[in-house]
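The values are calculated or read from the model by the stated rules, or taken from the named source; none is laboratory data. Bear in mind the structure is a predicted one, so any value in this text is a computation, not a measurement. Because the Cβ atoms are built from the backbone with ideal geometry, glycine has one as well, and the counts that use them run over all protein chains shown. Surface areas here come from the heavy atoms of the whole protein model, side chains and all, with no ligands, DNA or RNA. Shrake-Rupley method; radii C 1.70, N 1.55, O 1.52, S 1.80 Å.
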Amino acid sequence: MRLTYYGHSCIGVNTAGHDVLIDPFITGNALASKVDVSRIPATEILITHGHGDHVGDAEAIAKRTNATLVSNYEIAEWFAKKGVKNTLGMNLGGKAKVGPFTIKYTAAVHSSQLPDGSYGGNPGAFVVTGSEGSFHHAGDTALTADMQFLKGFNLRFACLPIGDHFTMGIDDAIEAARLMGVTKVVGIHYNTFPPIAIDTKLAMASFTKAGLELMLPEIGQTISI
Ligand code: NI
Ligand code: MN
């Protein structure tokens, strides 16, 4: 698998010949100004919840790529009304076949209002399973005991928020990784805004001390994972 970090919580994963794009928020992110949104590949776009820093550029990318946009039912309908052709609405605990993947919409403890004030359903997270294994994107969430249910997926890696204030911070993300049984963590949702600024060296050291690997790719960087 190849993973590209587009800043904030936006992750692109190239696997099974597809490009899974999660929570694209680039135009509104000053730190991601070097990323060219019009060139980001996507065959599936996954939206964890309705907040502006997660739905961001999804409409434009979906219309350009004709990717299947997957989210909860309310958010999928919101995008369908905006003219996004391929949408798939799910709800918590369900799984669906999407292209070469099985995608499960799992629990997150957060909120989910859409940017125009529309009801955005319940926030969630995703487990994506394909021919090269499974990975998880936690969206925005607190530490929650439900994470222990992800152990059975033998996750190759998990993308976990580490910025604190609106989501888990470093210590809770370490506990989340333990609950999920995952050793490789890609840190998301940090440093974009002042309230979620963190000491990245301390974050790295804390994960290492816990016997885990924290990966913090540069914005625009692609890594093998
Ligand atoms: Ni949020
Ligand atoms: Mn957020």
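When every Cα-Cα distance of region 2-224 is counted in 10 angstrom steps from zero, the calculated P(r) takes the values 9, 38, 40, 13, 1 percent. Where Lys and Arg each count +1 and Asp and Glu each count -1, what net charge lies around Pro24 among other residues with Cβ under 11 Å from its Cβ? Local net charge: -4. Counted over region 99-179 with a bin width of 10 Å, the fraction of Cα pairs per bin, in whole percents, is 18, 47, 28, 6. FRET efficiency for the pair Ala96 and Gln148, taken as 1/(1 + (r/R0)^6) with r the Cβ-Cβ distance and R0 = 25 Å, rounds to 0.65. Close amide-amide hydrogen proximity is noted between Thr106 and Gly93, Ala125, Phe126, Val127, each under 5 Å apart and 5 or more residues distant or on a separate chain (H modeled in the peptide plane; Pro and chain starts excluded). Over the chain, average the accessible area per residue using a 1.4 Å probe and give it in Å², no decimals. Value returned for the chain: 42 Å² of accessible area per residue. For Met1, neighbours were defined as the other residues whose beta-carbon sits under 10 Å from its Cβ, and their charges (Lys and Arg +1, Asp and Glu -1) total +1.
Sorting 23-32, 144-153, 42-51 by their mean Cβ neighbour count within 10 Å, with the most densely packed peptide first, gives 42-51, 23-32, 144-153. Projecting the Cα positions of Pro161, Pro195, Ile75 onto the charge dipole of the chain (unit charges on Cβ atoms of Lys, Arg, Asp and Glu, taken about the Cα centre) puts Ile75 furthest along the positive direction. With a cut-off of 9 Å between beta carbons, the residues surrounding Val84 carry a summed charge of +3, where Lys and Arg count +1 and Asp and Glu -1.
Taking a 1.4 Å probe, which of Val35, Val109 shows the most accessible area, and what order do the others take after it? Let's see the in-between values first.
Working: Val35 25, Val109 80 Å².
Descending accessible area places them as Val109, Val35.
Expressed in nm to one decimal, what extension gain is obtained for the pair Ile223 and Ser33 from 0.36 nm per residue of sequence separation less their Cα-Cα distance?
Values: separation 190, 0.36 × 190 = 68.40 nm, distance 1.98 nm.
Contour length minus the Cα-Cα distance gives 66.4 nm.
Computed about its Cα centre, the charge dipole of the chain is approximately 600 debye, with only Lys, Arg, Asp and Glu carrying charge at their Cβ.
Pop out the carbon and sulfur fraction of the accessible area of region 2-224 as a percent, whole number, probe 1.4 Å.
Details: 4670 of 9400 Å².
Carbon-and-sulfur percentage of accessible area, whole number: 50.
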